[in-house]
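Working notes, structure below.
The values are calculated or read from the model by the stated rules, or taken from the named source; none is laboratory data. Bear in mind the structure is a predicted one, so any value in this text is a computation, not a measurement. With ideal geometry, Cβ positions are generated from the backbone for all residues, glycine too; neighbour counts draw on all protein chains shown. Quick note on the areas: whole protein, heavy atoms, side chains included, nothing else; ligands and nucleic acids left out. Shrake-Rupley method; radii C 1.70, N 1.55, O 1.52, S 1.80 Å.
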Amino acid sequence: MAAHGDWTELYKYSDAVRSGDLVFCSGQTGLDEHGAAPADPAEQYRLAFASLRRVLAEQGCRPEDVVDLTSFHTHYPEHMAEFMAAKAEFQGDGRPAWTAIGVAALGTPETLVEVKATARVPAH
């Protein structure tokens, strides 16, 4: 499997696309520095939100700028307590619209979650 940095070219997509004052972020998964999904759900969720935070920052946004969040979960609703803790840590005081969807599979068999978001770019 390609390293994450190669995925955007391999699969011909963008981590984020800006349109006006909105940023549309592609789904982010919780991979470690070796490109593997940790077995620990809490760590995988934390890493997915860390990846989303990085993509947002590259576009000049913060977690509190997220207006819409969608999470795709294998084994839904198992591990929701761990997911909610990672989500709360990520969003802080932000309260985006949120939809959680149970799915049969994601990019790899070990992947538990993919998180995508839309954010409004703050006025400077």
Q: Name the residue, out of Thr108, Thr70, Thr29, whose mean-square fluctuation peaks in a Gaussian network model built on the chain with Cα pairs under 10 Å.
A: Thr108
**Q.** Accessible solvent surface per residue of the chain, calculated while the other protein chains remain in place, 1.4 angstrom probe, Å²
**A.** 55 Å²
Q: Calculate, axis by axis, the spread of Cα positions in the chain along the three principal axes, and write the results as whole Å, longest axis first.
A: 40, 33, 23
Q: Using the charge dipole of the chain (Lys, Arg: +1 at Cβ; Asp, Glu: -1 at Cβ; taken about the Cα centre), state which of Ala86, Trp98, Leu31 has its Cα farthest towards the positive end.
A: Trp98
Q. Where the accessible area of the chain is counted over protein heavy atoms with a 1.4 Å probe, how much of it, in %, is carbon and sulfur?
A. 54 percent
Q | Antiparallel DSSP beta bridges within the chain, percent to nearest 5 | A | 75 percent
Q. Around Ile101, with a cut-off of 15 angstrom between Cβ atoms, what is the net charge of the other residues, counting Lys and Arg +1 and Asp and Glu -1?
A. -1
Q.
Let me spell out the model: positive unit charges on the Cβ of Lys and Arg, negative unit charges on the Cβ of Asp and Glu, origin at the Cα centre of the chain. What dipole size does that give, in debye rounded to 20?
A. 400 debye
(Q) Run through region 1-57 and list the trypsin sites (Lys or Arg not before Pro) located in a DSSP loop whose Cβ has at most 10 other Cβ atoms within 10 Å. (A) Lys12
Q) Seen from all sides and averaged, what is the projected area of the convex hull of the Cα atoms in region 1-58, in nm²? A) 4.3 nm²
